[in-house]
Amino acid sequence: MCDQPRSNDLLNWYDQNARVLPWRIAPALSKRGQRADPYQVWLSEIMLQQTTVAAVKPYFLKFTSRWPDVGALAAAQDADVMAAWAGLGYYARARNLLKCARAVADEHNGVFPQELSALLKLPGVGPYTAAAISAIAFQKVATVVDGNVERVMARLYAVQTPLPDAKPELNQKAAALTPPVRPGDYAQAVMDLGATVCTPKSPSCALCPWRTNCRAFSQGSAAELPKKRPKPQKPTRYGIVYYVERADGAVLLERRPDRGLLGGMLGWPGSAWDDAPKDAPPVRAKWTTLPQKVRHTFTHFHLELTIKTAQLAQSEPVQHGTFIDRHAFRPTELPTVMRKVFDLANMPELG
Ligand code: SF4
């Protein structure tokens, strides 16, 4: 039988092995009482949802240099924030980011609340983000459970129930291990252990401070845990997008409705995405269908887009969308799927 893992063993490991991240206070400074900026903790945690640290870093640096505090972000234009978020995906996060910044500015005098109950009332802040802010920025005893932490707990206790059914049990085990001292460092330490040592495919158990306490390690079953319920297959949906360029270089774009997938983002006019999309060009023109298709995968479905292009000699009345001057249009402000359309429509051999 393995002994109960000790939080102190993990904290000692963290003191030597903490990842250096732009939103993080190093453990040596944290032990001297330096605290992370709640704005930066919140921003980084929202960006990190479903997204890797490597992808988040440049966005985090861009946001914090342009909007250095929550008041600055609250005062930003929606379109600027959506453009700055372009490429990071899961665009509802960007819309909630603005709502949350404005709620903190308007209802909390620009200061993030410390308690879980108040944090949970903020737009886009769920139990994970609330616990992260409370523990990391304010040193409150709160348990932060992400995919990394679930994996570590499932292995430490050799939990055989598949995810997501195992979540309550894993949460409860993570909470029981959370110490009253250095809760912020501890939260980051478990996440780091999962991200760098207790990795999904081949955990480096030899480097793990909890090796002697780990049931999966002693049973030789670490790589098989956590068990997961098989995911249903994703369906494929189809759509048509229209890439129109005017003789002066202006391109026809439209802002997508606030609600729904890619809500509030710029994109090319197009059909609905379903089994049999209807061809409804936004303007009268001679259309060319590109031989290549754009393929993109969202959380719940694959998408295959047919691209139709047209050149207009002069302005024509458009059904929907707005022509944007070439010098005012930045492809980097498009979400990834729309950027793929732009790249394909502008491939030299197709021009
Ligand atoms: Fe993960 Fe191995 Fe450490 Fe167990 S011993 S927690 S499986 S890295």
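Overview of results
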quantity: From Ala276, Ala272, Ala175, residue being part of a helix (DSSP H, G or I) and out of contact with any His (no Cβ under 9 Å at 6 or more places or on another chain); calculated: Ala175
quantity: The stretch 74-115: number of residues that are closer than 22 Å to Gln50 by Cα and in a helix (DSSP H, G or I); calculated: 15
quantity: Hey, Gly267 on the phi < 0 side of the Ramachandran plot, crowded, with 18+ Cβ neighbours inside 10 Å and near the ligand (Cβ under 10 Å from one of its atoms) or not; calculated: no
quantity: Of the criteria (1) touching a residue at least 12 places away in the same chain (Cβ under 8 Å); (2) open to solvent by 30 Å² or more (accessible area, probe 1.4 Å); (3) not in a loop (DSSP other than H, G, I, E, B), which one Ala135 fails; calculated: (2)
quantity: Test: residue in the stretch 237-245 that is at pLDDT 95 or above, within 24 Å of the chain's Cα centre (by Cα) and away from the ligand (no atom under 16 Å from the Cβ); calculated: yes
quantity: Criterion violated by Lys340 - all others in (1) open to solvent by 70 Å² or more (accessible area, probe 1.4 Å); (2) in a loop (DSSP other than H, G, I, E, B) satisfied; calculated: (2)
quantity: Selection status of Ala310, among the small types (Gly, Ala, Ser), in contact (Cβ under 8 Å) with a residue 24 or more places away in the chain, part of a loop (DSSP other than H, G, I, E, B) and away from the ligand (no atom under 16 Å from the Cβ); calculated: no
quantity: Counted residues, the stretch 186-203 - those being surrounded by 22 or more Cβ atoms within 10 Å (Cβ to Cβ) and either within 8 Å of the ligand (Cβ to nearest atom) or assigned to a strand (DSSP E or B) (or both); calculated: 3
quantity: Checking Val159 against (1) in contact with a Leu (Cβ under 9 Å, 6 or more places away or on another chain); (2) part of a helix (DSSP H, G or I); (3) open to solvent by less than 10 Å² (accessible area, probe 1.4 Å); (4) within 16 Å of the ligand (Cβ to nearest atom), the condition it does not meet; calculated: (2)
quantity: From the options Ala223, Ala206, Ala216, residue that is crowded, with 20+ Cβ neighbours inside 10 Å, within 12 Å of the ligand (Cβ to nearest atom) and either outside the structural domain of Val20 (by TED's automatic domain parsing) or in a helix (DSSP H, G or I) (or both); calculated: Ala216
quantity: Qualifying position, being within 21 Å of Ala26 (Cβ to Cβ) and assigned to a loop (DSSP other than H, G, I, E, B), among Val141, Val181; calculated: Val181
quantity: Selection status of Val152, within 12 Å of the ligand (Cβ to nearest atom), touching a Gly at 6+ places or on another chain (Cβ under 8 Å) and part of a helix (DSSP H, G or I); calculated: yes
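Residue by residue, here is whether (1) open to solvent by 50 Å² or more (accessible area, probe 1.4 Å); (2) without any contact (Cβ under 8 Å) to a residue 24 or more places away in the chain; (3) assigned by TED's automatic domain parsing to the domain that holds Arg211; (4) not aliphatic (A, V, I, L, M) holds:
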site: Tyr90; (1), (2), (3), (4): yes, no, yes, yes
site: Cys100; (1), (2), (3), (4): no, no, yes, yes
site: Pro113; (1), (2), (3), (4): no, yes, yes, yes
site: Ser117; (1), (2), (3), (4): yes, yes, yes, yes
site: Lys121; (1), (2), (3), (4): yes, yes, yes, yes
site: Ala142; (1), (2), (3), (4): no, no, yes, no
site: Ala154; (1), (2), (3), (4): no, no, yes, no
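A quick yes/no check of all residues on (1) farther than 29 Å from Ala92 by Cα; (2) surrounded by 11 or more Cβ atoms within 10 Å (Cβ to Cβ); (3) touching a helix residue (DSSP H, G or I) at 6+ places or on another chain (Cβ under 7 Å); (4) assigned by TED's automatic domain parsing to the domain that holds Thr336:
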position	(1), (2), (3), (4)
Ser271	no, yes, no, yes
Ala280	no, yes, no, yes
Ala285	yes, yes, no, yes
Lys293	no, yes, no, yes
Thr299	no, no, no, yes
Leu305	no, yes, yes, yes
Lys308	no, yes, no, yes
Val318	no, yes, no, yes
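The values are calculated or read from the model by the stated rules, or taken from the named source; none is laboratory data. Computed from a prediction, not measured in an experiment: that's the story for all the values here. In this analysis, Cβ positions are derived from the backbone assuming ideal geometry, glycine residues included, and neighbour counts consider all displayed protein chains. To get the accessible areas, we keep the full protein, side chains included, count just its heavy atoms, and leave off ligands, DNA and RNA. Shrake-Rupley method; radii C 1.70, N 1.55, O 1.52, S 1.80 Å.
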